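Q: Take a look at this one; I'll ask things after.
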Amino acid sequence: MKFIDSFRIVWRNLWRMKLRTALTSVGVMIGTAAIVAMIALSLGLKANAVKSLESWGNLTELDVEPAFYIPEEDRVIPDDERKKLNMAAVQELKAVKGVAAVMPIKRIRGESKLKVGRREGYIELVGVDVRESAAYRKDEIEKGTYLTGAPQEVVVSYYVPREMRDVEKEKREARMRNANKSGGGGGEVYFSRRGGGGGGEEGPAPFDMVGKPATITLTREYRIDDELKLEKKDVRVRVVGQLQKSENFRYGSAVYAPLSLVKEMNDWLNRSRGEEFGDTSSRRSRDKNQDEFVFDEITVKVESREMVESVVSDLKKLGYEVWSPARELEQINKFFFVIQMILGGIAAISLLVASIGIVNTMIMSILERTKEIGIMKVIGATVYNIRWLFLMESGFIGLIGGMTGLGLAWGAVELVNYFGKAGGLMDSLGFGGGGEEMTTLAVIPTWLALFAIGFAFIIGLLAGIFPAIRASRLSALQAIRSE
Amino acid sequence: MANGMGELTVENVNHSYGTGKIKVPVLFDINIHIAKGEFVALCGSSGSGKSTLLNLLAGLTKPEEGKIFVNSEEISRFNENELCLFRRKCMGFIFQSYNLLPGLTALENVELPLIFAGESKKKRRIRAAEILEKMGLEGRLDHRPNELSGGQQQRVSIARALVNNPSIVLADEPTGNLDSKTEQEILDLMRQMNRESNTTFIIVTHEQEVAEQSDRVIYLQDGRVVQRRTKPA
């Protein structure tokens, strides 16, 4: 028998008893709808929770610090036992399983100014290991390229070109405004203030600084005979790229430069200070620093989100403190696992009941169709043909239930999303961290839809096994004689 | 025992109904040979075992003792599924109460054996329509059984029995529900098909008219073959 023919026969039989088919599939429909709606809801809530965590930073990036305190032993770690973020630490972190890259960072928080053309602005210099970070930061480049490893290159964050001002121009405009103010009437003052001052109040227009030469000006201060002196040093660099807009505001006005360049600048800032003061203790510490260059931060990139938890626990064993939104993820995972187990249990029970309903319906229709089965057997249907037809029939009842259930769940999800959005349910549940990012409470991904339909079909098939075997075992002779 | 296509042999068959200790013997020591192309009537009063014998020949029941050969195959040793396949390939059935599927049209009823045989839709449509036309039902292809008269239903039933070109057709009281005029028409049709395609026909009947028009009549009484009459040529 051809598949398409068996399909036609099955369809005809289901259509013939359409009310019964519909009623039986309602059980499966409710079960499937329950599963889908609940999984969709828990997926949606989880996605929102993860999203709100992600706005605090990339979940696979961990910021590592030396641990100060061991909660298990209630002990503060003394200075000499405490981990140091040096090259040895970088090597140690690289060896941890699941770590894809170790990105040490050295910051210069002192007075550093970036000047491109006539624009200038204060920046935070961030020294990064070009080789380690390139793979992960490349994707975040909006314009130009990432650091290539050449010595005098820098990459700016999204906000840097938007915050740099043309100081000379603003001064000139301010002078013009002042001139207008003294010469014109009240109304004119109002207008000119609006027109001219707009740039100053709303922030400067962004400009493209990629590919342009720039100057970083470092300033150090020192005292000689209680007199404050400033010394400046210009470093010529080239802006090779600009990063994308980021949710992460931690690096607002950051300018990324190769570690070696930042180290050099850092040395200049420290050395002169120490030499100028002639302080032996600070010189000693400076010497020590040179032997053992200490980073400000080490960011560890984990291979995947699934690895994060194991990496975090490994790092803690080594004596590091880890800051990452991923630590919250652990709690969230536990919470949703429990929810999913409960909902899964409810759905399992309803589907069990539904499948018993299918078995019942199939046995009834076998009783009704006994004669028909007998005739089919006599005119050439094999045992397998009969079994297949009844198996398909109950599978189809499951399939119909699965599809209508999916539709029902979809409707429910749309409703929940609609009212959830209107009522601000997310905020009241405490998952509203993303603020404007919050979009949907529940989502039905394709895999869930396919899984639901497939699962319902399989439930139907399983429920059909016993009736199908029963049908195929009917004696043809007795079946024909029955009325 | 060597048999050709369309030949049928019953060897020393004994059969009884019931299970356990209470057994009702039905057939005793049956030995029959039917040659290819024969038109044989199985006659006898009710309870004589003629229907049981037909069921044995059809493989719907297994004989307690003895062997049954159809087309040189010992069907009494087949399992359920082998019997189904054998019926599909080699046998056609005609019932007293027609046994058409009420939900299907005449054409679809005739198509059904070909569907199980895996024939393509186009081929089986042509074949089913062709044989229904031979039965004189060319205008009734899309009628359902309840829209047809008894004689017409039996014609559909004959068409269904013949659609897969069986070597043997078994008929159980095919004219039992019909008036005498229709009975003759149906009988003529069966004889015509018997002659045209040299198909063996075995017909269970208790009607004298049917028996008289057969090549041979086998009389059964109380489970035994009591008389074999061959029609003078």
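The values are calculated or read from the model by the stated rules, or taken from the named source; none is laboratory data. Here the structure is a predicted model, which is why all the values come from computation and not from measurement. No Cβ is skipped: glycine too gets one built from the backbone with ideal geometry, and neighbour counts run over all protein chains shown.
Q: Which residues, counting only those in region A:1-29, are surrounded by 19 or more Cβ atoms within 10 Å (Cβ to Cβ) and more than 14 Å from chain B (Cβ to nearest Cβ)?
A: Answer for region A:1-29, where residues must be surrounded by 19 or more Cβ atoms within 10 Å (Cβ to Cβ) and more than 14 Å from chain B (Cβ to nearest Cβ): A:21, A:24, A:25, A:27, A:28, A:29.
Q: Which of (1) out of contact with any helix residue (DSSP H, G or I) (no Cβ under 7 Å at 6 or more places or on another chain); (2) aliphatic (A, V, I, L, M); (3) not in a helix (DSSP H, G or I) does residue B:42 not meet, given it meets every other one?
A: Going through the list (1) out of contact with any helix residue (DSSP H, G or I) (no Cβ under 7 Å at 6 or more places or on another chain); (2) aliphatic (A, V, I, L, M); (3) not in a helix (DSSP H, G or I), residue B:42 breaks only (1).
Q: Evaluate the following for residue B:21: is it more than 13 Å from the chain's Cα centre (by Cα), in a loop (DSSP other than H, G, I, E, B), of a type outside the set (A, V, I, L, M) and within 21 Å of residue B:90 (Cα to Cα)?
A: So residue B:21 does not fit the description; no.
Q: For a quick check of your reading: which helices (runs of 4 or more DSSP H) sit entirely within region B:108-200 and have at least 3 residues that are among the β-branched types (Val, Ile, Thr) and under 16 Å from the mean Cα position of the chain (by Cα)?
A: Answer list for region B:108-200: none.
Q: I'd like to verify a number: residues in region A:381-401 that are farther than 10 Å from residue A:6 by Cβ and within 14 Å of another protein chain (Cβ to nearest Cβ), how many?
A: 6
Q: Just a yes or no: is a residue in region A:324-342 within 15 Å of residue A:459 (Cβ to Cβ) and at pLDDT below 80?
A: Within region A:324-342, not a single residue is within 15 Å of residue A:459 (Cβ to Cβ) and at pLDDT below 80.
Q: Give me the residue from region A:74-126 that is in a strand (DSSP E or B) and free of Cβ contacts under 8 Å to residues at least 24 places away in the same chain and, out of that set, surrounded by the fewest Cβ atoms within 10 Å (Cβ to Cβ).
A: That would be A:75.
Q: Here are some conditions: (1) at pLDDT below 90; (2) more than 17 Å from residue A:474 (Cα to Cα); (3) touching a helix residue (DSSP H, G or I) at 6+ places or on another chain (Cβ under 7 Å). Residue B:80 meets all but one. Which one does it not meet?
A: With respect to (1) at pLDDT below 90; (2) more than 17 Å from residue A:474 (Cα to Cα); (3) touching a helix residue (DSSP H, G or I) at 6+ places or on another chain (Cβ under 7 Å), residue B:80 is out only on (2).
Q: Still on this structure, I have one more. Quick one: would you say residue B:39 is crowded, with 20+ Cβ neighbours inside 10 Å, within 13 Å of chain A (Cβ to nearest Cβ) and closer than 23 Å to residue B:206 by Cβ?
A: Considered against the rule, which asks whether it is crowded, with 20+ Cβ neighbours inside 10 Å, within 13 Å of chain A (Cβ to nearest Cβ) and closer than 23 Å to residue B:206 by Cβ, residue B:39 comes out as no.
Q: Within region B:63-77, which residues are in a loop (DSSP other than H, G, I, E, B) and within 15 Å of residue B:31 (Cβ to Cβ)?
A: B:63
Q: Let me ask another. Does any residue of region B:92-103 turn out to be in contact with a helix residue (DSSP H, G or I) (Cβ under 9 Å, 6 or more places away or on another chain), within 12 Å of another protein chain (Cβ to nearest Cβ), closer than 21 Å to residue A:5 by Cβ and modelled with pLDDT under 90?
A: yes
Q: Another question about this same structure. I want to confirm something. Restricting to region B:121-166 and keeping residues that are loosely packed, with under 13 Cβ neighbours inside 10 Å and within 13 Å of chain A (Cβ to nearest Cβ), which single residue is farthest from residue A:389 (Cα to Cα)?
A: It comes out as B:165.
Q: While we're here: Quick check on region A:358-370: of everything there that is in contact with a Leu (Cβ under 9 Å, 6 or more places away or on another chain) and over 15 Å from residue A:18 (Cα atoms), which residue is surrounded by the most Cβ atoms within 10 Å (Cβ to Cβ)?
A: Filtering first and then ranking leaves A:366.
Q: Determine whether residue B:197 is at pLDDT below 90 and under 23 Å from residue A:380 (Cα atoms).
A: Taking the combined requirement at face value, the residue satisfies it.
Q: Filter region B:65-84 down to residues that are buried (at least 17 other Cβ atoms within 10 Å of the Cβ) and under 18 Å from the mean Cα position of the chain (by Cα) and give me whichever is farthest from the other protein chains (Cβ to nearest Cβ).
A: The selected residue is B:69.
Q: Looking at region A:127-152, which of its residues are assigned to a loop (DSSP other than H, G, I, E, B) and closer than 16 Å to residue A:239 by Cα?
A: Listed by number, the residues that qualify are A:145, A:146, A:147, A:148, A:149, A:150, A:151, A:152.
Residues checked against (1) part of a helix (DSSP H, G or I); (2) of a type in the set (Asp, Glu); (3) farther than 17 Å from residue A:352 by Cβ; (4) in contact with a strand residue (DSSP E or B) (Cβ under 7 Å, 6 or more places away or on another chain):
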site	(1), (2), (3), (4)
A:1	no, no, yes, no
A:5	yes, yes, yes, no
A:15	yes, no, yes, no
A:23	yes, no, yes, no
A:29	yes, no, no, no
A:40	yes, no, yes, no
A:43	yes, no, yes, no
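Q: Further question on the same structure: So if I check each of B:21, B:62, which one is away from chain A (no Cβ under 14 Å), without any contact (Cβ under 8 Å) to a residue 24 or more places away in the chain and more than 26 Å from residue B:215 (Cα to Cα)?
A: B:21
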